[in-house]
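See below for the structure under consideration.
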Amino acid sequence: MAKQIITVDPLTRIEGHLKIKVEVENGKVTNAFSTGDMFRGWEIILRERSPIDAPPIAQRICGVCPIPHGTGAVLALDDAFGVKPPANGRIIRNLMLASEFIHSHLLHFYHLAALDFVDITAILNYKGIDPKLNKIKDWVKSDADAGVKSAGAPFLPRYKGDYIKDDAVNIAAIANYIKALEIRRKAHEMLAIFGGKIPHCQTLFAGGVATQLNLERIINFKSRLAEVKSFIDNVYIPDVVAVASLYPDYFKIGKGVGNFISYGGLPTDDNGKMHYDSGTYIDGNIGNFDSNLIAEFVKYSKYSSGSGLYPLNGETTPDAKKDGAYSWLKAPRYNGKVVEVGPLARAIIMYLKGSDSDHKSLIDSALSTLGLQPADLISVMGRHAARALELSILTDRMDEWVDELDPAAPVHTKFKIPKTSEGMGLTEAARGSLGHWISIDNFRIANYQAVVPTTWNGGPRDDAGNMGPYEQALIGTPIADVENPIEVGRVIRSFDPCLACAVHIVEGDREILKFRVC
Amino acid sequence: MLISRKKFLQVSAGSIAGVALSSLWLPKLLSAADAKNGKGRLPVIWFQAQACSGCAVSFLDAAYPSVDDVLIEVISLEFNPVIMGATGDLAMGVIDRMMVEEKGKYIFVVEGSIPTEADGFYCTVGEKEGNPVTALEWVKNIAANSMAVVAVGACASWGGIPSAPPNPTGAMPASKIVTGKPIINIPGCPPHPDWMVGTIVNVLKYGIPELDKLNRPTMFYGTDKLIHDNCELRQYFDTGTFAKDYGDKGCLYELGCKGPVSHCDVSTRGWNGGVNWCNRSGGPCIGCTEPFFPGGAGSGLYEKLPAVEVPGLEKININANTVGVALGGVVVAGIGAHAAARMIATKYRQNKEEKNRDKGTPYILKEKEEEEDK
């Protein structure tokens, strides 16, 4: 059978502008290219500004995950300024970041990824008495009966495909889509209690936070946390298990590179202990993470600046028409290796290191429920499961962290901006390992670089031609109908792409897929 | 007062270029909306250019009405890349169909600035005949076939952070790209969901709301919505109690608060279900609803508003150079702090404008000053 080329552009239900091209032979993907389609130049804009502008501006790299970027920035500033936040400052930063994990994971599963599996037209068969579901049913039905072409927009049209056939499962999923809107909103309220507002909070500063602490804020936070936690344990995790059990083949699809790193994040004491352990799992071996082994390559990225550089020495000189380049993402590598980051990376590394017994027993219990082996986690469904399971542990810990807050103690340590300095801020974001690097000269930002989860996962080929994690995960994916490549979306969305942060991957047969800007 | 069909068409066609929208001809827009696609809801195309999706996520945070009610009862959201079911060509086909079949009937929501350098190739969306299509081209075409354009967020309204010096991609606001269509700006980084939903509901039910000279709905951004005038920390300002460090009690002026030069209603509306808002949290206002946001390389988000000299309690001069507001614990007698804040605001804008002119920041509107200075 002849090779067929499929271009999916834009890949929607993600953050940002992503193009995926795949080559299909005999019903399977044999080559893949991931391309980020947008560049803004955040690092360039940050230059010459005051270093204290970095947290609010870095947050605005992404409206879905601003807090990780704010966190990376304040950690980099803490490092550069030589300042340490008081316990309250550390805890409030954690609570804000953790609240964002909740918002982000719920948004991802229910509102971005689920439509690849759930048949929303099943609502037409609803016979119950729930007012909201009946309203949705009437909404779709009346438009459809009136011959309105866009009935059910923006959820229809969609690809044809093997959606869930059981009406009861579909309708429950639709009901939970609606409920998840409300619960996700409450996670944002939790964040705003300490952050002032969200998206893009007001209170992240070097040396801690600006949030004045009082009992009312603590209680407001805790009560919402209890409600959100209940949804995660009683609805979100069962829903992921339900979808996973209906698509067991997706525990075999989208395995990808199989190498993982985690920077670690969410410090739980003042001595460097982290909720998320750092580490690496490369070529089947567990190891310690060393930030000095990160380098970014740009042969296939639209930058004319140097390749193979450590982020602090990184350069960002855009070249929209660079010959042979196909992505605005750089290609970060760890010790030269292609690696995946994210909830699955955290799960694999912590499971194998035995970093957290609660974490390990929860994963073991999920594996036994689904009749799977640990290796099966490295897959499309494994990524969804890792996301849901980590929220259960995280929300338990959040409840403990809130209790550690002391309304009478300070939230912030004073800092002085140094004339010259350097700093690095590493954390875990909802989507994976995130690093910010800053260098300061004459009290101004001289250089700023961010290496974000989607750059790790969605970046293009490196200078040696090794495909990025998205591209590798697509290889071998069965495509039932090239006109409706629903499988491509399932594989890529399992990574939870966030392209405003990162952008771009894909490479391949240069003859066919050469970037066509020129 | 209704206007004639001829007049309405003139305005819609842009023959009265640069005229700020007024509710005068709104009733006509309304009937255009009613004519649309038989759903009784406003068809909307929500397009992202150089966006971070923060505006879209804020829209999802709408509480009363909730976003699901908005989708069911208020608008017909035909295209939104964050939540739509369709992907790839299937998704872009929706826009192609709308531009023909719903020509002149849909609201075009733009999120993000639009890059113009490198022929627009800093942002491409979809392909036509195998070639990438720039966001610049999409925005021009979708706007040309729309009823009106709604720019959501600081980026689409003024250019925002992507347009901050040195503006590496030639990022422009929607108003610099779109011609001949009414434009409503809903700035903020991001805008409050109520501002977006409220504006759209207003368009559907009553027509385009009253707009200021920056094309912002006055019901959310009016001159009576100056943050400083409505701030719950105002008493600290009036009594000269100023926070010296983050987390301190007091007015946030010394920490760089832009409340005296920024307009919106969050101080009374509250963010995220009303649980908090910017200044209440202790994080100073950064002026995200104003064209100067985020300032230039020489200024920055937390630059303190112009310094104030306090010659002494007996000799407080009030003029543009020495604004007689007591800072640092001195109570000002006999001086309206309100008037003083206005003067700070004026001076700030003058400084800012000079700086930004040099730095090349798109600093669009100056008329506002005249209006405010009255």
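Of all residues in segment A:89-119, which are assigned to a helix (DSSP H, G or I) and either in contact with a Gly (Cβ under 7 Å, 6 or more places away or on another chain) or of a type in the set (D, E, K, R) (or both)?
Scanning segment A:89-119 gives A:G89, A:R90, A:R93, A:M96, A:E100, A:L115, A:D116.
What about B:V109, is it part of a helix (DSSP H, G or I) and of a type outside the set (D, E, K, R)?
So B:V109 does not fit the description; no.
Take A:V83 and decide whether it is buried (at least 22 other Cβ atoms within 10 Å of the Cβ) and of a type in the set (V, I, T).
no
Considering each residue of segment B:50-67, count those that are part of a loop (DSSP other than H, G, I, E, B) and either more than 8 Å from chain A (Cβ to nearest Cβ) or touching a residue at least 40 places away in the same chain (Cβ under 8 Å) (or both), and give that number.
Of the residues in segment B:50-67, 8 are part of a loop (DSSP other than H, G, I, E, B) and either more than 8 Å from chain A (Cβ to nearest Cβ) or touching a residue at least 40 places away in the same chain (Cβ under 8 Å) (or both).
Among the residues of segment B:247-274 satisfying the criterion of being buried (at least 24 other Cβ atoms within 10 Å of the Cβ) and among the aliphatic types (A, V, I, L, M), which is farthest from the chain's Cα centre (by Cα)?
That would be B:L252.
Could you tell me which residue of segment B:78-89 is surrounded by the most Cβ atoms within 10 Å (Cβ to Cβ), considering only residues that are more than 26 Å from the chain's Cα centre (by Cα) and under 18 Å from A:A113 (Cβ atoms)?
Going through the qualifying residues, I end up with B:T87.
What residue, among those in segment B:68-77 that are surrounded by 22 or more Cβ atoms within 10 Å (Cβ to Cβ) and at the interface with chain A (Cβ under 7 Å from one of its Cβ atoms), is farthest from A:Y159 (Cα to Cα)?
B:S76
Go over the candidates A:S361, A:S392, A:S307, A:S355 one by one and state the one that is surrounded by fewer than 24 Cβ atoms within 10 Å (Cβ to Cβ), of a type in the set (S, T, Y) and without any contact (Cβ under 8 Å) to a residue 40 or more places away in the chain.
Testing whether each residue is surrounded by fewer than 24 Cβ atoms within 10 Å (Cβ to Cβ), of a type in the set (S, T, Y) and without any contact (Cβ under 8 Å) to a residue 40 or more places away in the chain leaves just A:S361.
Pick out, from segment A:378-476, the strands (runs of 3 or more DSSP E) lying fully within it that include 3 or more residues that are among the hydroxyl-bearing types (S, T, Y).
Result: A:420-429.
For segment A:89-97, state whether one or more residues are facing another protein chain (nearest Cβ under 9 Å) and more than 16 Å from the chain's Cα centre (by Cα).
Within segment A:89-97 (the criterion being facing another protein chain (nearest Cβ under 9 Å) and more than 16 Å from the chain's Cα centre (by Cα)), the answer is yes, since at least one residue qualifies.
Would you confirm whether or not segment B:252-263 contains a residue that is in contact (Cβ under 8 Å) with a residue 60 or more places away in the chain, within 14 Å of chain A (Cβ to nearest Cβ) and of a type in the set (D, E, K, R)?
Checked against the condition, which is being in contact (Cβ under 8 Å) with a residue 60 or more places away in the chain, within 14 Å of chain A (Cβ to nearest Cβ) and of a type in the set (D, E, K, R), segment B:252-263 yields at least one hit.
This table checks each residue for (1) aromatic (F, W, Y); (2) surrounded by fewer than 22 Cβ atoms within 10 Å (Cβ to Cβ); (3) touching a Leu at 6+ places or on another chain (Cβ under 7 Å); (4) within 12 Å of another protein chain (Cβ to nearest Cβ).
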site: A:L107; (1), (2), (3), (4): no, no, no, yes
site: A:Y110; (1), (2), (3), (4): yes, no, no, yes
site: A:L115; (1), (2), (3), (4): no, no, no, yes
site: A:V118; (1), (2), (3), (4): no, no, no, yes
site: A:Y126; (1), (2), (3), (4): yes, yes, yes, no
site: A:K132; (1), (2), (3), (4): no, yes, no, yes
site: A:K135; (1), (2), (3), (4): no, yes, no, yes
site: A:D138; (1), (2), (3), (4): no, yes, no, yes
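Can you give me the number of residues within segment A:19-56 that are in contact with a helix residue (DSSP H, G or I) (Cβ under 9 Å, 6 or more places away or on another chain), among the hydrophobic types (A, V, I, L, M, F, W, C) and assigned to a helix (DSSP H, G or I)?
Residues flagged as in contact with a helix residue (DSSP H, G or I) (Cβ under 9 Å, 6 or more places away or on another chain), among the hydrophobic types (A, V, I, L, M, F, W, C) and assigned to a helix (DSSP H, G or I) within segment A:19-56 amount to 5.
Just name the residue that is nearest to the chain's Cα centre (by Cα) out of those in segment B:90-112 that are farther than 29 Å from A:I178 by Cβ and more than 8 Å from chain A (Cβ to nearest Cβ).
In this case the residue turns out to be B:G104.
Being more than 7 Å from chain B (Cβ to nearest Cβ) and either among the aliphatic types (A, V, I, L, M) or in contact with a strand residue (DSSP E or B) (Cβ under 9 Å, 6 or more places away or on another chain) (or both) is the filter here; which residues of segment A:167-189 pass it?
A:A168, A:V169, A:I171, A:A172, A:A173, A:I174, A:A175, A:A180, A:I183, A:A187
Which of (1) buried (at least 23 other Cβ atoms within 10 Å of the Cβ); (2) not in a helix (DSSP H, G or I) is the odd one out, the single condition B:G240 does not satisfy?
Tallying (1) buried (at least 23 other Cβ atoms within 10 Å of the Cβ); (2) not in a helix (DSSP H, G or I), B:G240 fails exactly one: (1).
How many of the residues making up segment A:249-269 are in contact (Cβ under 8 Å) with a residue 24 or more places away in the chain and more than 18 Å from A:R397 (Cα to Cα)?
Going through segment A:249-269 one residue at a time, the tally reaches 14.
Output the residues belonging to segment A:190-231 that are at the interface with another protein chain (Cβ under 7 Å from one of its Cβ atoms), surrounded by fewer than 24 Cβ atoms within 10 Å (Cβ to Cβ) and modelled with pLDDT of 95 or more.
A:N220
Those residues that are at the interface with chain B (Cβ under 8 Å from one of its Cβ atoms), free of Cβ contacts under 8 Å to residues at least 40 places away in the same chain and among the hydroxyl-bearing types (S, T, Y), I need them from segment A:140-161; list them, please.
Across segment A:140-161, the qualifying residue is only A:S150.
Looking at A:D441, is it more than 14 Å from every other protein chain (Cβ to nearest Cβ), at pLDDT 95 or above and surrounded by fewer than 24 Cβ atoms within 10 Å (Cβ to Cβ)?
no
If a residue has to be under 20 Å from the mean Cα position of the chain (by Cα) and among the aliphatic types (A, V, I, L, M) to count, how many in segment A:1-21 make the cut?
Residues in segment A:1-21 being under 20 Å from the mean Cα position of the chain (by Cα) and among the aliphatic types (A, V, I, L, M): 4 in total.
A:I253 - would you say it is surrounded by fewer than 22 Cβ atoms within 10 Å (Cβ to Cβ), assigned to a loop (DSSP other than H, G, I, E, B) and under 20 Å from the mean Cα position of the chain (by Cα)?
yes
The values are calculated or read from the model by the stated rules, or taken from the named source; none is laboratory data. Note that the structure is predicted; figures quoted are calculated from it, not measured. For neighbour counting, all protein chains shown are included, and Cβ atoms are generated from backbone atoms with ideal geometry for every residue, glycine included.
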